[in-house]
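Working notes, structure below.
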Amino acid sequence: MPLPEPERRAAREALASAASSHGLELPAAALPPLADYLALLVRWRRRRRLTGPADIADLAVEVAIDALCIDPLVPATGRLFDIGSGAGFPGLPLALLGPARRLSLVEPAAPRAALLRLAVATLRLDARVLAEPVERVSDRVRTGDEPPADAAMARAFLPPDEWLAVARPLVRPGGTILVLAGASWPGPRDASGLVPAGRLDYALRGRRPRRVWAFRRTDKEHPGRVTPSGGRG
């Protein structure tokens with residue numbers, strides 16, 4: 001889908017304003033594709049009435065600034081699963097910030113998966129869109145039909161402790177599980193087989209404080225099958 005220059009320009013301006021208001025700077029190489037993604041999101045959300053912010057200024061914060069804040073804890077290379085991807089963030093922005101990340105977006109809802117395919121094509125990203133439940137991906141990892149990820153993340157998919165249980169079968173031993181949570185989450189109830197690898201607290205304009213945790217999987221055995229109950233708007 002060709003993006004008109006006025007829409008792209010408005011997206012670039014919104015991104016620059018969002019970065020400036022948070023005292024951050026977006027990498028120059030990532031700015032054009034991030035602007036294209038933002039412009040595409042604004043158009044898609046207004047037409048399809050998807051949940052979440054449709055205002056370009058609010059989306060700029062969620063699309064780019066959130067990803068920029070959590071980027072230091074995300075492995076710079078390797079296979080990255082974004083589970084319950086919704087409209088694609090933070091997975092797509094993180095792939096634009098780190099081109100060596102090989103991204104798989106897992107989203108079972110057909111309209112959102114269609115948006116993700118369009119975004120991947122528009123941005124010319126080397127990324128996969130898996131329009132299926134996470135259980136199927138986990139089953140393929142377990143049987144060896146799908147390589148495990150080096151890292152996995154999810155935003156608003158499950159409560160943090162449930163997400164850790166779902167994520168473990170998806171990630172190789174030694175891989176990273178990222179927990180994107182509110183600042184009130186104190187850490188896992190059961191940390192067996194996991195070692196904390198980092199934590200960042202941050203705040204986005206007009207939003208509650210957030211916290212991202214990185215846990216490294218240390219157990220060698222494949223965890224048992226877990227069926228999630230979560231979803232994402």
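The figures follow:
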| item | result |
| --- | --- |
| Total residues in the range 197-228, condition within 19 Å of Arg136 (Cα to Cα) and modelled with pLDDT of 95 or more | 0 |
| Which numbered condition Asp150 misses (of (1) closer than 21 Å to Gly88 by Cβ; (2) out of contact with any strand residue (DSSP E or B) (no Cβ under 8 Å at 6 or more places or on another chain); (3) among the charged types (D, E, K, R)) | (2) |
| Hey, Ala60 buried (at least 20 other Cβ atoms within 10 Å of the Cβ) and of a type outside the set (D, E, K, R) or not | yes |
| Of all residues in the range 41-65 being under 23 Å from Arg124 (Cβ atoms) and modelled with pLDDT of 95 or more, the one that is nearest to the chain's Cα centre (by Cα) | Ala64 |
| Residues satisfying the stated conditions in the range 189-220, i.e. among the charged types (D, E, K, R), outside any strand (DSSP E or B) and surrounded by 11 or more Cβ atoms within 10 Å (Cβ to Cβ) | Arg205, Arg207, Asp219 |
| Only one of Arg128, Arg124, Arg101, Arg117 that is touching a strand residue (DSSP E or B) at 6+ places or on another chain (Cβ under 6 Å), more than 19 Å from Ala167 (Cβ to Cβ) and of a type in the set (Lys, Arg) | Arg117 |
| Some residue of the range 44-52 being surrounded by fewer than 22 Cβ atoms within 10 Å (Cβ to Cβ), on the phi < 0 side of the Ramachandran plot and hydrophobic (A, V, I, L, M, F, W, C) | yes |
| So Leu92, is it touching a residue at least 40 places away in the same chain (Cβ under 8 Å), more than 17 Å from Asp36 (Cβ to Cβ) and surrounded by 24 or more Cβ atoms within 10 Å (Cβ to Cβ) | no |
| Number of the exception - Gly231 against (1) touching a Pro at 6+ places or on another chain (Cβ under 9 Å); (2) modelled with pLDDT of 90 or more | (2) |
| Any hit, the range 93-116, residues being of a type in the set (S, T, N, Q) and more than 9 Å from the chain's Cα centre (by Cα) | yes |
| Test: residue in the range 137-148 that is at pLDDT below 95 and among the aliphatic types (A, V, I, L, M) | no |
| Subset of the range 157-188 [small (Gly, Ala, Ser) and either within 13 Å of Val74 (Cβ to Cβ) or surrounded by 14 or more Cβ atoms within 10 Å (Cβ to Cβ) (or both)] | Ala165, Ala167, Gly175, Ala181, Gly187 |
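Residue-by-condition table, conditions (1) without any contact (Cβ under 8 Å) to a residue 12 or more places away in the chain; (2) among the small types (Gly, Ala, Ser); (3) closer than 26 Å to Glu5 by Cα; (4) buried (at least 18 other Cβ atoms within 10 Å of the Cβ):
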residue: Ala19; (1), (2), (3), (4): no, yes, yes, yes
residue: Gly23; (1), (2), (3), (4): yes, yes, no, no
residue: Leu31; (1), (2), (3), (4): no, no, yes, yes
residue: Leu38; (1), (2), (3), (4): no, no, yes, yes
residue: Val42; (1), (2), (3), (4): no, no, yes, yes
residue: Ile56; (1), (2), (3), (4): no, no, yes, yes
residue: Ala64; (1), (2), (3), (4): no, yes, yes, yes
residue: Gly78; (1), (2), (3), (4): no, yes, no, no
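The values are calculated or read from the model by the stated rules, or taken from the named source; none is laboratory data. Remember, predicted model here, so these are calculated numbers, not experimental data. Because the Cβ atoms are built from the backbone with ideal geometry, glycine has one as well, and the counts that use them run over all protein chains shown.
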